[in-house]
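What follows is a short report on a single structure.
Derivation of every value follows stated rules applied to the coordinates shown; laboratory data play no part. Just so we're clear, the structure is a prediction, and the values are computed from it rather than from any experiment. Don't worry about glycine lacking a Cβ; one is built from the backbone with ideal geometry, like all the others, and counts go over all protein chains shown.
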Amino acid sequence: MSPPPEASVTTRRWVILLVAIVVAVSALTFVSTTMLPQRLTIASGHWYLLEPPVDQDFSRVLFDFPLGRWYHKGSYDSAAECARAREIIIDKATRAFQALKNERMAGVFAASADGSRCIASDDPRLK
């Protein structure tokens, strides 16, 4: 017995939505990676929450990228504020990516969030 036609349409809509999300994340990855140094210079906080990028295939976290090319997740006035924000991001990422059907991709994104770091704004590795 085949599924009703409306189930097939719903499945296609979810697939299209997932593909759109992946494309949007790819675009944001490119913009974040290329524009990060400019944004770091105008941020007002003394601590930056940075998250390592993911490769184009969403198959591994690029921990070896220079910190200046990591994703800028926020700016904070203290290391403690940054650490609290990091815990929230890890928690949200873990819950959000558990919903993905692709366990490998979910694991990579959760590892990226878990690999995030709080870095002082004057850290020479940001240049």
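Miscellaneous remarks
- Of the trypsin sites (Lys or Arg not before Pro) found in segment 42-91, the ones in coil according to DSSP and having at most 16 other Cβ atoms within 10 Å of their Cβ are R60.
- Highest-first arrangement of 48-57, 87-96, 74-83, where packing means the average Cβ count within 10 Å: 48-57, 74-83, 87-96
- Hits among lysines - C-alpha to C-alpha of K127 under 22 Å, sequence gap 8 or more where chains match: K73
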